[in-house]
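The values are calculated or read from the model by the stated rules, or taken from the named source; none is laboratory data. All figures in this text were calculated on a predicted structure; none of them were measured in a lab. Virtual Cβ from ideal backbone geometry, glycine too; neighbours counted across all protein chains shown. In case anyone asks, the SASA skips ligands and DNA or RNA and just uses the protein heavy atoms, side chains included. Shrake-Rupley method; radii C 1.70, N 1.55, O 1.52, S 1.80 Å.
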Amino acid sequence: MAYWRAPLDLKKVEVPHGDIHINIEHCKGCNFCVEYCPREVLEMSVEFNRKGYHYPNVLKEGACVNCNLCEMICPEFSIFVLEGKTRHPEADEVIKGKEKS
Amino acid sequence: MSKTAEQILSDELLIPQPKEPLAHPMEGYLRTDRLPHIWCSTCGIGTVITAFIAGLQKSGLERDKVGVVSGIGCSGRAAGYLQLDSFHSTHGRAIAFATGVALGNPDMKVAVISGDGDIAAIGGNHFIHAARRNMNLAIICINNFNYAMTGGQAGPTTPESANASTAPYGAYEYPFNLPFLAESSGAVYVARWTSLHVRRVTNAIAEALVKPGFSFIEVIAPCPTLYARRNRLGSGLDLMRFYHDNAVIDHNADTRDIDIEYQKKIVVGKFVDKEKPTFLENKDAVLSAKLGDKYIPYKGA
Ligand SMILES: Cc1ncc(C[n+]2csc(CCOP(=O)(O)OP(=O)(O)O)c2C)c(N)n1
Ligand code: SF4
Ligand code: SF4
Ligand code: SF4
Ligand SMILES: [Mg+2]
């Protein structure tokens, strides 16, 4: 839900937050996690892992909503997300036009 | 306890010890010493295994009450990576082995995870007869439209006109429509999804694991190395995008109408979910009625 301006109760709103863990050496660079993350939290690395694959990096630390889709779609068991503390969203996350997903 | 040489060295040099790496939440279900697995980059099989573990967790079944049997093929490697009572059987015989395990352990739910070739070609007879008898099995058939492990030969699900190593001018056989085959053979639960639908596959597996009788879940999954490459369809990611654009969810579809044509719409959904006594329930009912106290139903060792 996007608004024209920051809602007055913004500070009362809490969104779930996930802590992302990536086992880069098991990753085979399939890109599934980057492509299907609804919050565009991840991006593929420029670097290679030991097997020569690119792996995901966390692009937007804090934007992960712990939906677990990356963990579920990863064919390699190389990314997983644990429940973090909930957090208050930033105003520009809910204002219309700025919402990403 | 005396310190090891490394500990003394690291204490002295104040080398920070690496923190215990956090464990993947599914690690307890995996034979981690065998990871990373053999499946190619962007192959869909690994995602189905993740969904299987998540479905098993969701089903609430105790892990020592669940067995997994695979046949031979890339998909057949599944049993080897699962930290469960799992068995990698011979080509085409996964359902036959699983039937034995299920009859010998009536309180156990046995799942079969195997490929389209294993289940529908060489294992086709086991498949239809286990369905006919309503054996208490959950079948997860990973359909990548070819015999992947042996080099991309055409199999019973290869769509007409698709290229395969034994069909270089395009396949010209009529493929099986697996959900229709399963339903008409007697399955009580029939679904088809793609590996893109991870959450649907997870739910289907959870439902099939707790459902008494013969359940069948077809999961269409990318084989980038053979099927996609031979047909110039790109990587597994391109096939995932294709599923996204072309899978149509229709739970009410008649399974007779859901043939898969080459690179056309794929109808997915849960098509059958009905109740019917299982093989063992029928056996016990009939023999108890005929033999009375002389018949002692087998309840496991
Ligand atoms: C009795 C027997 N016949 C043939 C083979 C060779 N073989 C190994 S895997 C396979 C086909 C596998 O295809 P599928 O079940 O679709 O699995 P995929 O590799 O595609 O996942 C064949 C024909 C064998 N191992 N044993
Ligand atoms: S848990 Fe969801 S939001 Fe967080 S990184 Fe994974 S896919 Fe993105
Ligand atoms: S889904 Fe897994 S294997 Fe694929 S790029 Fe992401 S972490 Fe790597
Ligand atoms: S050959 Fe195909 S099915 Fe086998 S592991 Fe590679 S991509 Fe997967
Ligand atoms: Mg196959």
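In Å, what is the Rg of the alpha-carbon atoms in chain A, and how long is Dmax?
Over chain A's Cα set, Rg and Dmax evaluate to 15.2, 50 Å.
Quick one: of B:Lys58/B:Lys270; B:Lys274/B:Lys299; B:Lys58/B:Lys109, which pairs are farther than 23 Å apart, Cα to Cα?
B:Lys274/B:Lys299
Please name which of B:Leu237, B:Ala253, B:Ala191 has its Cα lying farthest along the dipole of region B:42-294 towards the positive end, using unit charges on Cβ (Lys, Arg +1; Asp, Glu -1) and the Cα centre as origin.
It is B:Leu237, whose Cα lies furthest towards the positive end.
Residue farthest toward the positive end of the dipole of region B:42-294, with Cβ of Lys/Arg at +1 and Asp/Glu at -1: which of B:Ser215, B:Ala130, B:Gln57?
Going by the charge dipole, the pick is B:Gln57.
Please report the accessible area of B:Val210 (heavy atoms, 1.4 Å probe, ligands and nucleic acids excluded) in Å², nearest 10.
80 Å²
Using a 1.4 Å probe over the heavy atoms of the protein chains, calculate the carbon and sulfur portion of the accessible area of region A:20-85 as a whole percent.
52 percent
How high is the relative contact order of region B:42-294, in percent, with contacts defined as C-alpha pairs under 8 Å that are six or more residues apart?
Normalised by residue count, the contact order of region B:42-294 is 20 percent.
May I ask you to list the aspartates and glutamates whose Cα is less than 15 Å away from that of A:Lys11, ignoring any residue fewer than eight positions away on the same chain?
Of all the aspartates and glutamates, those that pass the test against A:Lys11 - Cα under 15 Å, at least 8 places apart if same chain - are A:Glu90, A:Asp92, A:Glu93.
How large is log10 of I(q)/I(0) for region A:29-86 at q = 0.17, 0.25, 0.26 Å⁻¹ when the intensity is taken from the Debye formula with one equal scatterer per alpha-carbon?
Listed by q, the Debye log ratios stand at -0.52, -1.06, -1.13.
Would you kindly find the accessible area of B:Arg229, with a 1.4 Å probe and non-protein molecules such as ligands, DNA and RNA excluded, rounding to the nearest 10 Å²?
150 Å²
Would you look at the GNM of chain B, springs on alpha carbons closer than 10 Å, and say which of B:Ala187, B:Ala167, B:Ala131 moves the most?
B:Ala167
Give the average over all directions of the projected area of the C-alpha convex hull of region B:169-271, one decimal, in nm².
Orientation-averaged projected area of the Cα hull: 6.9 nm².
Per residue, how big is the convex hull of chain B when only Cα atoms are used? Give it in Å³.
172 Å³
Could you put B:Asp284, B:Asp250 in order of accessible surface area, largest first, with the 1.4 Å probe and the full protein assembly present?
The ranking, largest first, comes out as B:Asp250, B:Asp284.
Which value, in debye to the nearest 20, gives the size of the charge dipole of region B:182-288 about its Cα centre, when Lys and Arg are +1 and Asp and Glu are -1 at the Cβ?
That gives region B:182-288 a dipole magnitude of about 440 debye.
If DNA, RNA and ligands are ignored and the probe is 1.4 Å, what is the ranking of B:Cys74, B:Cys40 by accessible area, most exposed first?
B:Cys40, B:Cys74
Within region A:12-91, report the GluC sites (Glu not before Pro) that DSSP leaves as loop and that have at most 14 other Cβ atoms within 10 Å.
A:Glu14, A:Glu25, A:Glu40, A:Glu47, A:Glu61, A:Glu90
How big is the A/B interface in buried accessible area, both sides summed, 1.4 Å probe, to the nearest 100 Å²?
Looking at A and B, the buried total is near 2300 Å².
Can you put B:Leu35, B:Leu61 in order of accessible area, largest first, using a 1.4 Å probe?
From most accessible down to least: B:Leu61, B:Leu35.
Among DSSP beta bridges whose residues both lie in the protein assembly as shown, state the antiparallel percentage, nearest 5.
35 percent
What percentages make up the Cα-Cα pair-distance distribution of region A:1-46 when the bins are 5 Å wide from 0?
The percentages, shortest bin first, are 4, 13, 20, 18, 12, 10, 10, 8, 4, 0.
To the nearest 20 Debye, how big is the dipole of chain B about its Cα centre, given +1 on the beta carbon of each Lys and Arg and -1 on that of each Asp and Glu?
About 400 debye.
Which trypsin sites (Lys or Arg not before Pro) in region B:246-293 pass both tests, a DSSP loop state and at most 16 other beta-carbon atoms within 10 Å?
B:Lys264, B:Lys265, B:Lys274
With the calculation restricted to Cα positions, what are the radius of gyration and Dmax of the protein assembly as shown in angstrom?
Reported Rg and Dmax, both Å: 23.8, 81.
Cα centroid distance between region A:35-51 and region B:228-275, in Å?
Using only Cα atoms, the two centres lie 27 Å from each other.
Working out 0.36 nm times the residue gap between A:Cys67 and A:Glu35, then minus their Cα-Cα distance, what length gain in nm do you get to one decimal?
Length gained, A:Cys67 through A:Glu35: 10.1 nm.
Identify which of B:Pro179, B:Pro224, B:Pro277 has the largest mean-square fluctuation in a Gaussian network model of chain B, with springs joining Cα atoms closer than 10 Å.
Its mean-square fluctuation being the largest, the pick is B:Pro277.
Would you mind working out the magnitude of the charge dipole of the protein assembly as shown relative to its Cα centre, with +1 at each Lys and Arg C-beta and -1 at each Asp and Glu C-beta, to the nearest 20 Debye?
Once rounded to the nearest 20, the dipole reads 640 debye.
Send over a whole-number figure in Å² for the accessible area per residue of region B:42-294, probe 1.4 Å.
Ligands and nucleic acids excluded, the figure is 40 Å² per residue.
Output the antiparallel fraction of DSSP beta bridges having both residues in region B:164-301, as a percent to the nearest 5.
Counting DSSP beta bridges with both partners in region B:164-301, the antiparallel share is about 35 percent.
Given the pairs A:Lys85/B:Lys265; A:Lys85/B:Lys65; A:Lys85/B:Lys211; A:Lys12/A:Lys60; A:Lys28/B:Lys276, which are separated by over 32 angstrom at their Cα positions?
Those over the limit are A:Lys85/B:Lys265; A:Lys85/B:Lys65; A:Lys85/B:Lys211; A:Lys28/B:Lys276.
Within region B:42-294, what percent of beta bridges assigned by DSSP are antiparallel, to the nearest 5?
15 percent
Under 14 Å from the Cβ of B:Lys270, count the other residues' Cβ atoms, weight Lys and Arg +1, Asp and Glu -1, and hand me the total.
Local charge sum for B:Lys270: -1.
Run through every distinct alpha carbon pair of region B:66-116 and return the Kirkwood hydrodynamic radius in angstroms, one decimal place.
Computed over region B:66-116, the radius equals 10.4 Å.
Counting each DSSP H run of 4 or more residues in chain B as -39500 (n - 2.57), what helix-only mean residue ellipticity at 222 nm follows after dividing by all residues, to the nearest 500 deg cm²/dmol?
Counting only the DSSP helices, I get -9000 deg cm²/dmol.
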